[in-house]
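A.B. asks: Handing you this structure, nothing more for now.
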């Protein structure tokens, strides 16, 4: 509860935010959640995994505070929700909280935008104070960072190795942006195995035609002439779980088993029948 005295209330703001950070860590431990759920995302590591493709200054904008989940500096003293993780930030936090409570405007923060999320370049304490006071937006100078693959709002530190392999896959198999969302895998090695399979398929296609095909052409023809027809056959045979998010995983498992069983890359009804007897397991994503 507020006392009506800005100085006292600003001290309570910090104490409450600090307590909430501790309770969040305790709650995560009791629920046995992954340890990186509330970890502030490191800008350099995220952009490195996603693949830097350029930057563009967007100017002054109002940005939702919930979308700010990372920083260029990992030693900020805040968690992913910008709650203080130690008492080292107390003095500056309380000073800014007091200014806001007195009706003073804070300078715009500086943010990098990557996909759906934002990273603080300057203004960590301002973001923390505004979040603690229940504000929903902040005035920010935003720089858009273009990356090879996007970053969703649920991105976590532990996702970066998988994202890195996804980026490498689409460098090797450069599908059009409109088709990339149809390819999703849950294990880093699967991205490498699928890329090798596509490249091998492309090599066989070039041998059949006796002509060179560049990577974009191979990727598109593989998707159109191999990936989609095979998934259609597996659905008709009742061997696809029916979850579109599992398309790539289903294709990869059956393609690997096909070769182990038949030592051939052929697809027809007899192949499907033999694979149905094996019933390869498809790993589901959490």
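All of the numbers you see were taken from the coordinates with simple rules; none came from a lab. None of the values given here were measured: they were computed from a predicted structure. So basically every Cβ, Gly included, is an ideal-geometry build from the backbone, and we count neighbours across all protein chains shown.
A.B. asks: Within a 10 angstrom radius of the beta carbon, how do 68, 149 rank from fewest other beta carbons to most?
C.D. replies: Working: 68 28, 149 19.
Neighbour counts put them in this order, fewest first: 149, 68.
A.B. asks: Just to verify a number: FRET efficiency for residue 213 and residue 20, C-beta to C-beta distance, R0 = 51 Å, to 0.05? Don't skip to the end; give the middle numbers.
C.D. replies: On the way: r = 56 Å, r/R0 = 1.10.
Rounded to the nearest 0.05, the efficiency is 0.35.
A.B. asks: Counting other C-beta atoms within 10 Å, which of 62, 233, 206 has the fewest, and how do the rest follow?
C.D. replies: Values: 62 11, 233 18, 206 14.
Ranking 62, 233, 206 by Cβ neighbours within 10 Å, fewest first, gives 62, 206, 233.
A.B. asks: So for region 73-222, considering every pair of alpha-carbon atoms, how many percent are separated by more than 29 Å? Don't skip to the answer; put the middle values down first.
C.D. replies: Details: 4654 of 11175 pairs.
Summing the P(r) of region 73-222 above 29 Å gives 42 percent of all pairs.
A.B. asks: Another one. Output the peptides 40-46, 225-231 sorted from most to least packed, where packing is the average of other Cβ atoms within 10 Å over each peptide's residues.
C.D. replies: Working: 40-46: 19.4, 225-231: 17.3.
Peptide ranking by packing, descending: 40-46, 225-231.
A.B. asks: Expressed as a rounded percentage, what relative contact order does region 6-155 have, with Cα pairs under 8 Å and six or more residues apart? Intermediate values should be presented prior to the final figure.
C.D. replies: On the way: 261 pairs, mean separation 50.4, N = 150.
In percent, rounded to a whole number, it is 34.
A.B. asks: Full-extension gain between residue 53 and residue 139, please, as 0.36 nm times their residue separation minus the C-alpha to C-alpha distance.
C.D. replies: Details: separation 86, 0.36 × 86 = 30.96 nm, distance 2.57 nm.
Extra length available between residue 53 and residue 139 comes to 28.4 nm.
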